[in-house]
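Read through the structure below, which is laid out as structure tokens, and then see the notes.
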Amino acid sequence: MLVTTAVAVLTTAVLAALAAQPAPPAAPAPYTVLTREGRRPLAVRQMSGQEMFALDDLAKIFDLTLREDVLAGGLTVSTKTQTVALTPGQAMASAAGRLVSLPAPPVKEGRSWFVPIDFVPRALGPALGTRLDLRRPSRLIVGGDLRVPRITARIEPQGALARVTLDVLPATPHAVTQGANRLLVRFEADALDAALPTSPVPDLIQAVRVAEPPVVIAIDLGTRFGSYRAADAPGERGAGRIVIDVVAQTTEAAPATPPPATPVPPLEPPLLEASPTGGLRTIVIDAGHGGDEHGARGAQGTLEKDVTLGVARRLKAAIEARLGGRVILTRDGDQTVGLDERAAVANNNKADVFVSLHANASVRASAVGAEVFYLSLSDYGAQAQRVAQGEGEALPVFGGGTRDIEAILWEMAQARHIEASATFAQLVEAALRERVPMSPRAIQQAPFRVLVGANMPAVLVEMGFISNPEQEKQLASEPFQSAIVQALVDSLVRFRDGHSTAAPSPATPPGARR
Ligand SMILES: [Zn+2]
């Protein structure tokens, strides 16, 4: 009876093969077996509507012994310690003493036996005493304790940026770095099981692909690329999520001629020379809040977002009149702008200094005075602090000294400038003190998100307490706003002069950073 069934199955297989002959289906793509021993292809056959592996192929890869008992019609597959018994015509196997089901019976063709691909995880894995993970979408068989995270990527265009989201299962340590014309996400893994999108974003993202070594995902950048930021978010059930925003150059920043096709990012100057040496060519002023985000609100209805924009506009005009150079506002209207986007505007424009304007609020109506902040690294981990201490080699660089990979994590950007930011904050505080009331805590460090990604000296100024009725009136008034503006211009002049008296660095001639 067993033999008869086997013949019937064989006949079906032959008929199926004959029927397919006029237009033979393309051979299914092989699987790849990933184990500690390496990566080996495993051919797959489409038989009787099933994907099947040849037992001979499995025997070579997994060191198995096959024995066919023709009289009994049985078939055994032996590992060093266990045996899997198969019976022709039966969609099951006995593996390591346990019955497991298979989606179809084994099939004999010529002298070879074929088994459904599920045989591998269901029967062979238990018999080998290891986990064999069959991943159909990526056509992988992952053996044992290999770390092969499943990565699903998608690209979403979002106006001036394109967002690449990588869902990683399980969550896997990684580093995002910038190389020549591409961003690289390197995973601490043995291999990647990646499902990557094929739809590029014109001029911004050309492709998302697995690079070399194959634990790296490359995001090939287009000619409109200005900057990027990367952030991690916890996913569900052990998954991780990496969100990478690829930000286009702003219109304001667009050079007259298109950038070369393969720009090599200039090496950043060493930390101590990170401050502008050739003057302040580009200053980015960030009017806090905007659009839906009103910020703090005074009792008389004064909105922080209006105060910050008013001061930002005045400051731009004053700087252009007194310092010259280029002044860029992160917003020049009542629109919502993301925190990282604000720093990105400064980075895209290679700004020499970044000033973020805000108005404070307190539950104590008596709270009064301006405060100047620069970034506190305490929330940004040991790596940022090492970067700040000038241990440049702590920056994640990989590829063993390749010249085209200069790596700065978004989170690390401000760390390189923290000393210069502290100096600038002191100058701002001193200049403000000459003209407006100061808070008892006039200079502080805080982990403000808007400062984190700024790759230049950066401060945040709380100009006064809008929650204080007296200060609310001041903040909305022209004389007070002008006093703030004068103080900021003074501090910028002092910052510029203080640094230009230092020996100019031959490594950064004027214009070199543009
Ligand atoms: Zn604010």
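The table below gives the values:
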quantity: Per-pair calculated FRET efficiency, R0 = 45 Å: Val70 and Arg154 via Cβ, rounded to 0.05; calculated: 0.25
quantity: Rounded, prolate or oblate (a/c below 1.5 giving rounded, otherwise prolate when a/b exceeds b/c) for region 55-114 by Cα gyration tensor; calculated: rounded
quantity: Viscosity 1.002 mPa s, 20 °C: Kirkwood-radius Stokes-Einstein D of region 276-353 over Cα pairs, µm²/s; calculated: 163 µm²/s
quantity: Partners for Lys60 among aspartates and glutamates (Cα-Cα distance below 15 Å; same-chain residues under 8 apart left out); calculated: Glu37
quantity: Kirkwood Rh and Cα Rg combined as Rg over Rh, evaluated for region 24-156; calculated: 0.98
quantity: Residue order, fewest to most surrounding Cβ atoms within 10 angstrom, among Leu183, Leu196, Leu475; calculated: Leu196, Leu183, Leu475
quantity: Prolate/oblate/rounded call for region 161-208, Cα gyration tensor, a/c under 1.5 rounded; calculated: prolate
quantity: Exposure proxy order (Cβ contacts within 10 Å, fewest to most) of Phe495, Phe465; calculated: Phe495, Phe465
quantity: Those lysines that a straight Cα-Cα span of less than 30 Å connects to Lys316, excepting residues fewer than 8 apart in one chain; calculated: Lys305, Lys350, Lys473
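Values quoted throughout were computed directly from the atomic coordinates according to the rules given, and no laboratory measurement underlies them. Being a predicted model, the structure only gives us computed values, none of them experimental. Quick reminder, even Gly has a Cβ in these numbers, built from the backbone with ideal geometry, and neighbours come from all protein chains shown.
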